[in-house]
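Student: Would you mind keeping the following structure in view while I ask a few things?
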Amino acid sequence: MKKILILFFGCLTVSSCIEPFEFQTETFEDALVIEASLTNELKHHEVSLSRAVRFEDSISAPERNAQVRILDEMQNVYEFQETDPGTYSSNLEFAAQKSIKYTLIVETSDGTRYSSEPESFQSESQIENVYADRGLNDNDEDGIFIYTDSFDNSGESQYYRYEYEETYKIIAPFWTPLEFELTNYQPCNPDPCDPRIIYDLEIVEREEEQETCYNTVNSTDIIQTSSAGLSAARVEGFPVRFISGSDFILTHRYSVLVKQYVQSANAFSYYQSLEDFSSSASVFSEIQPGFLAGNITVDNNEDKKVLGYFEVASVSQKRIFFGFRDFYPDAPFPLYIKNCVPYSAPLEHVSYCFNCAPVSNICPESLIERMARNSITYVDGNEDGLVGITCPGPYVVVDRECGDCTALGSNIVPDFWVE
C-alpha cells in the first residue's frame, strides 16, 4: 500500500509506451501511512506507521516515537508501544468484541493527532474448509490452487478479505557435515611489499543445523470476495492462492494458513479501490484517481495528510499441509531456487596493501574472500582437480544457498509443523 498510494500525490513523467522508461515523481506531498486491523483474536494487536515515499524510492520510512492507542465505547483504553521502528504493539492482549465500536488514535512526535471513525464488526463466518487442488490458471499454467469454503448461519456476512501465511521446507542439496572456519583474517598485510595475506583456516564439523530449514512468507496482495446478492452467506471454492507446479517451495513439504476477515461494506469498498488503483490499467489511465481517502482524519492540522484504513473485523483461520508428490506422483521435482554448480578458485589473494610490484590476476575471486563474506560453503577437497576450471584451488565449494539452508530460511522447526 505504501508504494502504491504515493502515485496519487503527483504526476508521473513517462517516456514512450514502447521503449523502456523509469518513473519519476514530479510533485510530492508528505503523508502518514497507517496500517491497522483490529480483530476478535486474543493477542497483542499491531499498528504500523510510516511515511509515504516517492514512487522511485524503494525504502520505506517508519514513523518513530508516536503515541498509539485504541479506545472503545465502554471507555476502555488500549495503549501501544513501539516494538520495532514504525511498528506498535498493544501492551496487553485483547480481542475486539462484536458490536462494540473502537477508535484508533495516533499522535506523532510533532504533535499532529490522527483519529479514525468508530468501527465495529457485526458478524462472524467460520472457514469450513481449506484445500488444495491441481489445475490450470488463466495463463494455462499448471499448478496448485488453494481454495476455501465458509458459511455464516446468521446470513449477515457478505464481504470477505483473505490473507495467507505460507511455510515451506528447504533442504540444501549440497549440504555436507563439514564447513570452513576462517579466523584472524587480515586482507591487508601491514608490509606493503609483502603480497601474502594473514589468516587461519580449518575444516571443521558443522555445529549448526544447516541442511533442513523452513521459510515463512506472508501474502501481500489484496484478496477479496463477496456473497452480497446471493441467497446465502456462503463462500465456496474461492481461490486464495495459486502456486506454479515448477515453484521450488512445493518440493519437500508445504503448509499454508489461510485467514478470512469478515469486513464491513465500507472496508470492502476501500480495499477494492486500493486494488483497482494499484493495477497497471489504473496507473496509466488518462484520468488519475486522486487521493484515496480512508476512515482516518487529521484532527489538528488541515495541511497534513493521512493514508490508510482502520479495520475492525472478525477472523477465522485454518491450516493445511501437502507435498509435491501428493499432486505430481511421477513428475521430476521443481528446480532448486539456485543453480547449484560446484566450482573451485584460488584459495588466497594478493594483499590489498601490496604496492611494490605490478599485479596481474586473471583468476576469479579467491575462496578466502568469499569465505569472509559468507557467500560459499565447503563441499570437498579438490585433490583430483575439477575439469574445465580456470585457476583451481584446493577446495570444491558451492554458493552458500546450495549448502547452507539458513541463507534461505530458519533452522528452527515451526511449532505448528507436522510431517
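Student: Based on the Cβ-Cβ distance from SER410 to GLU348, what FRET efficiency comes out when R0 is 45 Å, to the nearest 0.05? Working shown, then result.
Tutor: Working: r = 34 Å, r/R0 = 0.75.
It comes to 0.85.
Student: In region 123-192, what is the volume of the convex hull around the alpha carbon atoms, normalised per residue and reported in Å³? Numbers along the way, then the final one.
Tutor: Numbers: hull volume 22.9 nm³, N = 70.
Per-residue hull volume (Cα only) is 328 Å³.
Student: Can you pull the percent of Cα pairs in region 301-419 with separation above 25 Å?
Tutor: Pairs farther apart than 25 Å: 57 percent.
Student: So, one more: Percent of accessible area on the chain owned by carbon and sulfur, 1.4 Å probe? Numbers along the way, then the final one.
Tutor: Numbers: 10300 of 22130 Å².
The value for the chain is 47 percent carbon and sulfur by accessible area.
Student: Calculate the FRET efficiency for SER244 and ILE171 from the Cβ-Cβ distance with a Förster distance of 22 Å, rounded to the nearest 0.05. Could the numbers behind the result be given before it?
Tutor: Working: r = 20 Å, r/R0 = 0.89.
The calculated FRET efficiency here is 0.65.
Student: Note the angle between two axes, namely the Cα long axis of helix 265-278 and the longest principal axis of the Cα atoms of the chain, as a number of degrees from 0 to 90, rounded to the nearest 10.
Tutor: 40 degrees
Student: I'd like the FRET efficiency for ALA357 and LEU335, computed as 1/(1 + (r/R0)^6) with the beta carbon distance as r and R0 of 56 Å, rounded to 0.05.
Tutor: Details: r = 46 Å, r/R0 = 0.82.
It comes to 0.75.
Student: Positive end of the dipole of the chain, charges at C-beta (+1 Lys, Arg; -1 Asp, Glu), about the Cα centre: which of SER226, ASN339, THR167 has its Cα farthest in that direction?
Tutor: Highest projection toward the positive end goes to SER226.
Student: Extension gain SER99-ILE389, at 0.36 nm per residue separation less the Cα-Cα distance, in nm?
Tutor: Numbers: separation 290, 0.36 × 290 = 104.40 nm, distance 7.01 nm.
Contour length minus the Cα-Cα distance gives 97.4 nm.
Student: Taking H as built 1.01 Å from N, whose amide H comes closer than 5 Å to the amide H of ASN382, not counting residues under 5 places away?
Tutor: TYR395, VAL396
Student: Still on this structure: Count charges around ALA36 for me, please; just the other residues with Cβ under 11 Å from its Cβ, Lys/Arg as +1, Asp/Glu as -1.
Tutor: Numbers: positive: none; negative: GLU35, GLU46, GLU119, GLU311.
Here the charged neighbours net out to -4.
Student: Determine the equivalent ellipsoid of region 309-371 by diagonalising the alpha-carbon gyration tensor, then write out the semi-axes as square roots of 5 times the eigenvalues, largest first, rounded to whole Å. Walk me through the intermediate numbers first.
Tutor: On the way: eigenvalues 532, 125, 15 Å².
After scaling each eigenvalue by five and taking roots: 52, 25, 9 Å.
Student: Report, in debye and to the nearest 20, how large the dipole of the chain comes out about its Cα centre when Lys and Arg carry +1 and Asp and Glu carry -1 on their Cβ. Spell out each step's value before the answer.
Tutor: Numbers: 28 positive and 68 negative charges, 126 e Å.
Dipole magnitude for the chain comes out near 600 debye.
Student: Rolling a 1.4 Å sphere over the protein heavy atoms, what is the accessible area per residue of the chain, to the nearest Å²? Intermediate values should be presented prior to the final figure.
Tutor: Working: 22130 Å² over 419 residues.
Solvent-accessible surface per residue comes out at 53 Å².
Student: Under the rule of at least 5 residues apart or a separate chain, name every residue whose amide H is placed under 5 Å from the amide H of CYS340.
Tutor: Counting only residues 5 or more places away or on other chains, the set is empty.
Student: Once phi is turned into θ = phi - 60°, what whole-Hz ³J(HN,Hα) does the Karplus curve with 6.51, -1.76 and 1.60 give for every residue of region 238-244, x standing for Gly and Pro?
Tutor: Values per residue, Gly and Pro as x: 7, x, 8, 8, 10, 10, 4 Hz.
Student: Enter the Cα centre distance for the pair region 38-52 and region 101-175, rounded to the nearest angstrom.
Tutor: Centre-to-centre distance over Cα atoms comes out at 14 Å.
Student: So what is the calculated 222 nm ellipticity per residue for the chain, using -39500 (n - 2.57) for each DSSP H run with n of 4 or more, over all residues, to the nearest 500 deg cm²/dmol? Intermediate results must be reported in sequence, preceding the final value.
Tutor: On the way: 5 runs with 32 residues, N = 419.
Result for the chain: -2000 deg cm²/dmol, rounded to the nearest 500.
Student: Using a/c under 1.5 as the rounded threshold, could you call the chain rounded, prolate or oblate? The axes a ≥ b ≥ c are square roots of the C-alpha gyration tensor eigenvalues, and prolate needs a/b larger than b/c, oblate otherwise.
Tutor: prolate
Student: Once label points are set 7 Å from the Cα along Cα→Cβ at both GLU419 and HIS44, what is their separation, rounded to one decimal in nm?
Tutor: Going from the GLU419 label point to the HIS44 one covers 3.2 nm.
Student: Considering every pair of different Cα atoms, what Kirkwood radius, in Å, is found for region 116-160?
Tutor: Values: mean 1/r = 0.0748 Å⁻¹.
This gives a value of 13.4 Å.
Student: Just read off the accessible area of LYS98 with the full protein assembly in place, 1.4 Å probe, to the nearest 10 Å².
Tutor: Its heavy atoms expose roughly 100 Å² to the probe.
Student: Using label points projected 7 Å from each Cα along Cα→Cβ, tell me how many nm separate ASP133 and LEU178, to one decimal.
Tutor: Modelled inter-label distance: 5.2 nm.
Student: What is the local net charge at ILE337, summed over the other residues whose Cβ is closer than 10 Å to its Cβ (Lys, Arg +1; Asp, Glu -1)?
Tutor: On the way: positive: LYS338; negative: ASP247, GLU401.
Spelling it out: positives minus negatives among the neighbours equals -1.
The values are calculated or read from the model by the stated rules, or taken from the named source; none is laboratory data. As the structure is a computational prediction, the values presented were derived from the model and not from experiment. All Cβ positions, glycine included, derive from the backbone under ideal geometry; neighbour counts span all protein chains shown. Each accessible area value is taken on the protein alone, full model and side chains, heavy atoms only, with ligands, DNA and RNA left out. Shrake-Rupley method; radii C 1.70, N 1.55, O 1.52, S 1.80 Å.
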